[in-house]
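Participant: Got a structure here, written out as structure tokens. Questions coming.
The numbers here are math on the coordinates, done by the rules we state, and not lab data. These numbers come from a predicted model, not from an experiment. Cβ coordinates were reconstructed from backbone atoms using ideal geometry, including for glycine residues, and neighbour counts include every protein chain displayed.
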Amino acid sequence: MNSIRRSILLLIYSILPILFLPTANAHNFDIDSLQQSLTEYEVSDTTYILTLTRLAKQYRRIQLDSAEAYAHKAYTLAEEHDYTYGKAEAIFTLGTIRLRQNRWDDCRNTLEVAIKLFQELNRPLDIGSCMANMAVTYEKEGLNKKCMSIYKQIQPLYEQADDKYRLGILYYNMAVNFEHQSMFDSSTVYFYKSLKVCEEIDDKDGMAWAYKSISQTYSKQNNLEKALFYVKKALEVREELEDNYGLGQVYLTYGQVYSDAHKYDSALVFMDKAVKLYRNGKFNRSEALALQHTGEIYEELELFDKALELYYSAKEIFDFIQEKNETAIILHKLADIYYKTQKYELADSLLHKSLILAQQNGQASIVQTNYKTLYQLDSIRGDYLSSFNHYKAFSQINDSINSVKKDKQLKELQIKYETEKKEEELVEKNKEIEIANTKFWISIIGIFIILLFTAVILRAHFRERQAKKLLKQRKEEIFRQKEEIEVQAEELKITNEHLKELDELKEALSAMLIHDLKNPLNSIIGLTNEAQFSSSVRPQLNQAGKSMLNIVMNLLELQKLETASTELKIEKVNLRNLFLDAYQEVSLLISEKQIQINCSFNEDVIVKADRELIFRVFINLLTNAIKYTEQNGEINIQHSECTRDRKDNIRRVRISIIDNGIGIPKDQQAYIFDKYRSYKEKKLGKTKSTGLGLAFCKLAIEAHEEMIGVESTEGEGASFFFSLPCGKEINENVCYTDSDLDEEIETIKITSQITFSFTEEEKAILSPVCEALSNHEVFEVSAVKGILNSVHHKSNDNIKAWINEVENTLYSCNTSLYESLININVTTN
């Protein structure tokens, strides 16, 4: 019953904002003064017609019959004088009155007429008000989604008109709708939206309604602290407005909050205040509602005599003002108390009165509740036929009752009824008939058991068949999916093999193009030594050719390193001599930008590395430093002392190439070694970057199982560093400047650690080959390789190693080493 009380209370509270919010401070208008003002106008005056409508709205609070009469009179006069706006206002007011009467269909039909009239007058805001009241009717019928759909249609009308007052009301009604669905979080959000709008336009009445409703929402969530906070805010506003009607609503809310918190003494204090306030202000309907709510608290406390006294007082007022809807509710409440106190005859009488009145009013929920109480009451009194009929009526209305539970209860009532009838028949019959009947019932029970057993077996058999059928379908589906997966897997396999073939073709084509590019580049480099080029142009052409060759070699080595097809030729390398060779390759670029090179390398720094790869690492890092160093800049080349790494016990030296160029931003440093990536497309010299050089450096150093990195501050330069394992200890440091390096470049020749010692037989084989090779330069790659390919006895390891070294000089364009190798009578150191 407590849930019934709450639902009825929610129904009553939800309709109040619709009726009182649309006209701010409307309760301050005195009915007497409006009636007096009627004497000041002619009947044909439009003001007279609108005053009648305003009177109807005022009577809507206290006496619906009078309100309806004034609205009808206003409509009739407006019709006689062809006053369209007057007709629309009167019809709209009639619709709101029918809303109060719970005549949902009549209300919607009336409001649809008002909407058509307002459309003729092009009054979108008044159309929105009509739609809002139509939405409430759907809400009362439990069609909350339909209600919310209409609210969302109204929202753009108010927003486009920037009518904050109506928008605040709309937000309020949407909040009430969410509250009916027990969506308290959404409800609270929209109550706050309504409150914010009311604060913006300083609508005190709207603010008070919002505060009160927010308080009720927190009360339903058992948050007493917040509920009391907001109801106090509502009280302050109502006292400021000196609004007795609104003040009474706040007292009722206080009572509800304390009642939800089971603080009944405090609740009764505020309920009593509301009753007295409404009685003194002659708010008959509100007084009756306050009495009803007070009675509900006493009923919850099981003080049934006091509750009956208050309910009867409320009923007397409802009868006086002809409030039939509320009368049906209060009659049910009276019957409910008599039911609890086992006064079943009185309860039955009042329930039937409430039922008839609720059916006349179209109050489906009250009709349902009455039927439910009646079938429970009849069941207690043993009148199972009446209980069965009432339960059927209740079930037809209550669609939400679980069907299984409903069938079970119906069967129980039917069995009780049939059993009662049979027992009456058995009393009238003699013992023989009783024995016969007993046998009959035994037979019936036996048949029933057999039928039941048969039904169980048939049901189990049917389920088994269904399960087998379903299992067969699942197996077929799985088999079909398996076949599809196998087909897809085969297709993927074929596609993957095709892609592998394409990738291998691409790699082979790339390698072929790179190898073919080296030959003309070596030829270009060789031609730069011809006399036909001037001494000033020759170095530039030579440098350009070497740069192009460097790019091609980067591509080639990158491909080899990425596919792990490069075998490192680890040897002991003099780091200083290796750097000087690299310096010679980029000397023209250094001189063009007049960059100062400072090198602090020991003369006897020996590292274990692949000489050709580290030679190219130096070239790429120097080229990168030159590119991003300004004119007249400075580049420092340093190395650390040879120290032992605690992790793997290997002695290493760290080489650093430091420039004072533009530097590298922090967010770019993690990607600087990625292939085809270069920082800033800015020309600082004559070189341009492909993004391959640093990628090659990273792979080359990592192939040595060493590390490479960069440290930089943007605008202050960059330091690229890498480590290599030491070949022997470092004894002393010698610092070289540009002038020192220039002198060294003129005098120091590239040396190698390669030594070949041939037998007389091997010399006899290689002598004609070396003689043929002496007629060609190192850049004549095709001719040289043709001669090398003609050499027999390649199974000889010494000759095979010699051929490999000669081929390496072709790729590095190392003239001095080439000449040394083809002179087999001289030992190469």
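Participant: Distance check, please: which entries in Lys392/Lys431; Lys140/Lys212; Lys196/Lys232; Lys116/Lys152 exceed 26 angstrom between their Cα atoms?
Facilitator: Going by Cα-Cα distance, Lys392/Lys431 fall outside the 26 Å limit.
Participant: Another question, then. In what order do Ile62, Ile494 fall by count of nearby beta-carbon atoms within 10 Å, going from fewest to most?
Facilitator: Ordered from fewest to most neighbouring Cβ atoms within 10 Å, Ile62, Ile494 come out as Ile494, Ile62.
Participant: Sort Asp348, Asp65 so the one with the fewest other Cβ atoms within 10 Å of its own Cβ comes first.
Facilitator: Asp65, Asp348
Participant: Right, another one. Return the long-range amide H neighbours of Gly661 (sequence gap of 5 or more, or a different chain), with a cut-off of under 5 Å between placed amide H atoms.
Facilitator: Gly717, Ala718
Participant: Shifting gears a bit: Sort 569-578, 444-453 by packing, meaning the average of other beta carbons within 10 Å per residue, with the highest value first.
Facilitator: Details: 569-578: 18.2, 444-453: 10.1.
Output ranking for 569-578, 444-453: 569-578, 444-453.
Participant: Applying the Karplus parametrisation 6.51 cos²θ - 1.76 cosθ + 1.60 with θ = phi - 60° to the phi angles of the range 431-437, what ³J(HN,Hα) value in whole Hz is obtained for each residue in order, glycine and proline being reported as x?
Facilitator: Here the 3J(HN,Hα) series is 4, 4, 5, 5, 5, 4, 5 Hz.
Participant: Apply the Karplus curve 6.51 cos²θ - 1.76 cosθ + 1.60, θ = phi - 60°, to the phi angles in the range 484-498 and return the couplings in whole Hz, x for Gly and Pro.
Facilitator: Karplus-based 3J(HN,Hα) across the range 484-498 equals 4, 5, 5, 4, 5, 5, 5, 5, 5, 4, 4, 4, 5, 5, 5 Hz.
Participant: Follow-up. Please give the contour-minus-distance gain from Thr39 to Ser149: 0.36 nm per residue of separation, less the Cα-Cα distance, rounded to one decimal in nm.
Facilitator: Taking Thr39 through Ser149 to full extension adds about 35.2 nm, to one decimal.
Participant: Could I ask something else about it? For the range 622-679 and the range 428-474, what is the centre-to-centre distance using only Cα atoms, to the nearest Å?
Facilitator: For the range 622-679 versus the range 428-474, the Cα centre distance is 93 Å.
Participant: May I ask you to sort Trp802, Trp209 by Cβ crowding, counting other Cβ atoms within 10 Å and putting the fewest first?
Facilitator: Values: Trp802 23, Trp209 27.
Neighbour counts put them in this order, fewest first: Trp802, Trp209.
Participant: Stretched out fully, how many nm does the piece from Glu225 to Glu80 gain, at 0.36 nm a residue minus the Cα gap?
Facilitator: Answer, rounded to one decimal: 46.5 nm.
Participant: May I pose another question? Using each residue's phi in the range 360-371, evaluate 6.51 cos²θ - 1.76 cosθ + 1.60 at θ = phi - 60° and report the 3J(HN,Hα) Karplus result to the nearest Hz, with x for Gly and Pro.
Facilitator: These are the phi-based 3J(HN,Hα) values: 5, 7, x, 8, 4, 5, 6, 4, 4, 5, 5, 4 Hz.
Participant: Would you please classify the overall shape of the range 760-822 from the alpha carbon gyration tensor, given that a ≥ b ≥ c denote the square roots of the eigenvalues, rounded means a/c under 1.5, and beyond that prolate means a/b larger than b/c while oblate covers the rest?
Facilitator: Note, shape of the range 760-822 comes out prolate.
Participant: Here's a follow-up. Report the FRET efficiency, 1/(1 + (r/R0)^6), for Asp319 and Gln360, where r is their Cβ-Cβ distance and R0 is 22 Å, rounded to 0.05. Don't skip to the answer; put the middle values down first.
Facilitator: Details: r = 15 Å, r/R0 = 0.67.
So, using R0 = 22 Å, E works out to roughly 0.90.
Participant: So how do 434-441, 70-77 stack up, highest first, on mean other-Cβ count within 10 Å?
Facilitator: Details: 434-441: 11.8, 70-77: 21.2.
In decreasing order of mean packing, 434-441, 70-77 become 70-77, 434-441.
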